[in-house]
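*Asks:* For reference, the structure I am asking about is given below.
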């Protein structure tokens, strides 16, 4: 059962990031900047960062966020192109699917390492409670963003 859950998690993660890539590619730079400003505001509010904490927190967090964005945009985008090159997921041989899943795991490991470094750096600036709150704030922000996106799509139909 545990292996099945891991596979489902990997598949879900891959699909989510694939959708994120296609969504992000449709967003212009101005919209990206607005989203970034909203994210900063949301996280600052949720973490209740002091001025001193915020001064040290944001350069570290922004560097982390940029690295994660780059991984999603380049590595995951390349995987998506590779899958499309095979004619889609249903056309991939098991051997090629194994290669792609290994690459997915490699990307996930990179993401984990980047997040681990973030936690290590942040623990010197903010409490572990705030690090946990950061995780919740990020998830909450993504939920709000997806909700707004869905609402906008409904209005535009």
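The values are calculated or read from the model by the stated rules, or taken from the named source; none is laboratory data. Remember, predicted model here, so these are calculated numbers, not experimental data. Neighbour counts run over all protein chains shown; Cβ positions are idealised from the backbone, glycine included.
*Asks:* Restricting attention to region 136-148, does a residue exist that is surrounded by 11 or more Cβ atoms within 10 Å (Cβ to Cβ) and more than 20 Å from residue 32 (Cα to Cα)?
*Replies:* First, the residues of region 136-148 that are surrounded by 11 or more Cβ atoms within 10 Å (Cβ to Cβ): 136-138, 140-142, 144-146, 148.
With the extra rule that they be more than 20 Å from residue 32 (Cα to Cα), the set shrinks to 136.
There is at least one residue in region 136-148 that is surrounded by 11 or more Cβ atoms within 10 Å (Cβ to Cβ) and more than 20 Å from residue 32 (Cα to Cα).
Here is a yes/no grid of residues against (1) more than 26 Å from residue 35 (Cβ to Cβ); (2) at pLDDT below 95; (3) touching a strand residue (DSSP E or B) at 6+ places or on another chain (Cβ under 9 Å):
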residue	(1), (2), (3)
70	no, yes, no
73	no, yes, no
80	no, yes, no
89	yes, yes, no
92	yes, yes, no
95	yes, yes, no
114	no, no, no
117	no, no, no
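*Asks:* While we're on this one: Restricting to region 104-133, name every residue that is touching a residue at least 60 places away in the same chain (Cβ under 8 Å) and under 29 Å from residue 78 (Cα atoms).
*Replies:* The answer is 104, 105, 108.
*Asks:* Anything in region 104-129 that is in a loop (DSSP other than H, G, I, E, B) and surrounded by 13 or more Cβ atoms within 10 Å (Cβ to Cβ)? List them, or say none.
*Replies:* Initial filter on region 104-129 (in a loop (DSSP other than H, G, I, E, B)): 123-127.
Once the filter is applied, which keeps residues that are in a loop (DSSP other than H, G, I, E, B) and surrounded by 13 or more Cβ atoms within 10 Å (Cβ to Cβ), region 104-129 yields 125, 126.
*Asks:* Against the conditions (1) part of a helix (DSSP H, G or I); (2) closer than 18 Å to residue 40 by Cα; (3) more than 15 Å from the chain's Cα centre (by Cα), where does residue 96 fall short? Just the number, please.
*Replies:* Only one criterion in (1) part of a helix (DSSP H, G or I); (2) closer than 18 Å to residue 40 by Cα; (3) more than 15 Å from the chain's Cα centre (by Cα) is unmet by residue 96, namely (2).
*Asks:* Just one of the numbered conditions (1) in a helix (DSSP H, G or I); (2) over 25 Å from residue 32 (Cα atoms); (3) free of Cβ contacts under 8 Å to residues at least 40 places away in the same chain is not true of residue 101; which one?
*Replies:* The one condition residue 101 does not meet is (3).
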